[in-house]
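Read the structure below first, then the notes.
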Amino acid sequence: MHDFVRDLPRPWKRRLLLGHDVVLAPISLLLAFGLREETLWPIDPALPSWPHFLFLTALAGVTSTVLGLPGIRLIAYEARAMMRTGALALILVVCGAVVNAWLGSGLSTALFVSFGFLYFGLSVVSRIIGLNLLLWIYRQGTERTRVLIYGAGSTGSQLVAALSQTKDIEPVAFVDDNPSLHGAMVAGLKVLAPRKIAEFVREHRIDRVVLAMPSLSLPRQARIALRLENLGCDVHRVPSFSELVGNKGLVANIEPVHPADLLGRGTLDGALPEVVKSYRDKVVLVTGAGGSIGSELCRQLLAGQPRALILFDHSEPALYSIDMEMQTLAEGRGVEIVPVIGSVNDSGALLRVMIEHKVQIVFHAAAHKHVPLVERNEIEGLRNNVLGTRKAVEAAQGAGVERFVLISSDKAVRPTNIMGASKRMAELIVQDMATRSEKTIFSIVRFGNVLGSSGSVIPLFQEQIARGGPVTLTHNDVRRYFMTASEAARLVLLAGSYSRGGDVFVLDMGKPIPIRRLARQLIEREGYTVKDRKNPDGDIEIIVTGMRPGEKMVEELLIGNDLRPTPHPKILRARETGLSEIEVASMLQALGRLIDEGDAEKARALVARWVSGYHQPDYSGQGVDAG
C-alpha cells in the first residue's frame, strides 16, 4: 500500500482530487435536503430533481479546475487553499439558486445556503482526513526520528506544525526554561522542565533535540547543545530569519577576524624584491613543509621563482595538503614541486634527497613545538628537535648545499620548558657547524608566536567561543610576542639571504601582547560580550586556570643585548656566543645515549647543564598554552 501510494503518478492524484470535488456536490445537496427538518426555514415540499444534481456536479468540476484546487497537494492545503474552496462553495450556492429559480422547482434558497456550508465543511475536513491517512500510510514501516523541541515559543510551535506533516520525524514534547509553561500543552505537546530532559530522553527514546530559540545568543545555545550532546542525542538548532536570508553573523561576515588586526601595529605588506632575487632558479628544500610556518614558507617561496621546491614532512596528511596546494599555485610558473615523506631523524633519507635533487637552500622548520606535549614527551621532543637538527645539518654539509636556515623560537631564550630548551640546543648545533663549514652558510632566524598557527591561541579561543565558552587563560598577566605567518615567512626568507655564516637573526615582533586582551578582542569581534563582574549577563566568560610547569609570564627574544641592524628594519642581527665543537659533540653524545635509554630525568639534567638559563618552575594547575 505504501509503495502504491508513493508511486502513484501526479496526474492521477490530480484526477482523484478533482473527482473528490465533483462527488461532494451531489452528496452535499442530498445531506442538505435530508437535514432540512433541523434547519430554521420551513420544510421544502419539493425534492431536488436530476437537473439540480447534474448542474451542480458539472459546475463543481469546471470551477474546481479553474480555481486550481486539484493541483494543490494535500500537504500544502492551508488558509489560502481553503479560501479557494470557500469561493467554489459560494459559486455553487449562487449558481444553484439561480438555476433553481429558473426551473421553478419550488426549492428554497435556504436549502442551497445549507448545501454551500456542507460542501465547504466536507471538502476541508475530507482533505485533512486524507492528509493524515496518507501520512499514516507513508509512516508504516518507516523508521521515525523522535524529536524533543527545546523552546516552546512561537518558533517552536511553528516547528511542530511543520514537522507534523513529515513522514519520518515525530515531535514528542517541548522543553522550556520558563517555569510558567511547565506542564502546559503547547501545539498539542507537553512542556517539560529542563531538569527532566535526561529521564525523558531515556524513557521515550529521543533521537534528536532541536533548539527552537533563534533569539538566544549563539554562545548560550552552544552551552545548551553541549549539555544535551552528553545525553547521546543529536542536537540541531533552528536558524533565525536573518540567517535564512543570508545575514547570519553580521559581525563575522561583514567584518571577519584578520589575525593582523589583533596586533595593534603595522605589518609587512607586499612582496619583497630581495626575496625574488635570492631564490630565483634555486632548488629549495623545506623540512616540516606541512606545518604552519613550513607551509607558509612554501607559499612565499613560489613568489621567488625557484627552480624546484622540495616538500619534506613525516606527516602524510599534512604533506598531501600542502602538495595539493602547491601544485595548484605553481601551475604555469615553471616551478617543480616534489613531495617527500620522511623524518628528519633519518639522516640517510635527508642526504639522498639533497643529493638527488641538487638542493641549494634548506629551511629547517620541522620540530615538535607544542609546549605541553613536549613537556610530557621530553624524550621524543629532544630526539626530534635536537638530534633531528643535527642530522639535517650534517646532511646539508655532506650534500654541499649553499645555505641552511634554522627556524627557531623565542622560547629558546632562557627556556623554562623542554621545548624551548630543545630549540636552544638546536641553535647551538647550527652555531657550531657554522664555525667549521667552508661551503654551506648556516644561520638561525628566531621569532615569537605566529597568529593562527596550529596550537596558537587564536584558533583555540575561537573554538572555545564557538562552544559557548568559557575562554581559558593560564594567568591574567601572560603576554606573548606575535606575528602573522605571512610576515614571518617573508622576513625569514629575507634574513636567510643576509647571512654570512653563524648569524642569529631576530625578527622585530613589536611589543608583547597581553593574552587576556587578545581573548577579549576575539570575543567582541565575534559579536559577543565578555561575562564578568561588570557585565554578569555577558555571553562568554574568561576564566584563569593557573600557570603550567615550564610556562613563562613573558617570553624573550634575546640572550644578550648586542643587536646590530641589517638592510631591513624588521630584521636584527644578534651577537651570541655558543659552545665549542668539543662541547657540542659531548652534549650530543650524552643526549643520544640517554634518549636511547629513555631516561627522561637524566635527560632533563643534561639539558640544565648545557642550556644556559634553563630551569623548570613548579607551577600547579593546567591550562591553555598561551603561545
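Looking at P339, P306, just one residue is surrounded by 17 or more Cβ atoms within 10 Å (Cβ to Cβ), of a type outside the set (A, V, I, L, M, F, W, C) and over 31 Å from the mean Cα position of the chain (by Cα), and that residue is P306.
When the strands (runs of 3 or more DSSP E) confined to the range 390-466 are screened for residues that are among the charged types (D, E, K, R), touching a strand residue (DSSP E or B) at 6+ places or on another chain (Cβ under 8 Å) and under 27 Å from S347 (Cα atoms), those reaching at least 1 such residues are found at 403-409, 441-447. Among the candidates A101, A89, A76, A110, the residue that is under 30 Å from Q158 (Cβ atoms) and at pLDDT below 75 is uniquely A76. Tell me, please, whether a residue that is acidic (D, E) and more than 29 Å from I407 (Cα to Cα) can be found in the range 474-483. No: the range 474-483 contains no residue that is acidic (D, E) and more than 29 Å from I407 (Cα to Cα). Residues of the range 335-351 that are more than 24 Å from S443 (Cβ to Cβ) and free of Cβ contacts under 8 Å to residues at least 12 places away in the same chain: G348 alone. Is it the case that some residue within the range 521-530 is over 24 Å from S409 (Cα atoms), small (G, A, S) and modelled with pLDDT under 85? Yes, the range 521-530 contains at least one residue that is over 24 Å from S409 (Cα atoms), small (G, A, S) and modelled with pLDDT under 85. The residues listed here are K369, K358; of these, the one that is surrounded by fewer than 24 Cβ atoms within 10 Å (Cβ to Cβ) and either of a type in the set (D, E, K, R) or outside any helix (DSSP H, G or I) (or both) is K358. Does L473 meet the test of being out of contact with any helix residue (DSSP H, G or I) (no Cβ under 9 Å at 6 or more places or on another chain), aliphatic (A, V, I, L, M) and in contact (Cβ under 8 Å) with a residue 40 or more places away in the chain? For L473, the condition - out of contact with any helix residue (DSSP H, G or I) (no Cβ under 9 Å at 6 or more places or on another chain), aliphatic (A, V, I, L, M) and in contact (Cβ under 8 Å) with a residue 40 or more places away in the chain - is not met. When D168 is tested against (1) among the acidic types (D, E); (2) under 30 Å from V530 (Cα atoms); (3) modelled with pLDDT under 75; (4) touching a helix residue (DSSP H, G or I) at 6+ places or on another chain (Cβ under 9 Å), only condition (2) is not met. Looking at I444, I458 in this structure, which one is out of contact with any Phe, Trp or Tyr (no Cβ under 6 Å at 6 or more places or on another chain), in contact (Cβ under 8 Å) with a residue 40 or more places away in the chain and buried (at least 23 other Cβ atoms within 10 Å of the Cβ)? So the residue among I444, I458 that is out of contact with any Phe, Trp or Tyr (no Cβ under 6 Å at 6 or more places or on another chain), in contact (Cβ under 8 Å) with a residue 40 or more places away in the chain and buried (at least 23 other Cβ atoms within 10 Å of the Cβ) is I444.
The values are calculated or read from the model by the stated rules, or taken from the named source; none is laboratory data. Keep in mind it's a predicted model, so treat the numbers as computed, not measured. In this analysis, Cβ positions are derived from the backbone assuming ideal geometry, glycine residues included, and neighbour counts consider all displayed protein chains.
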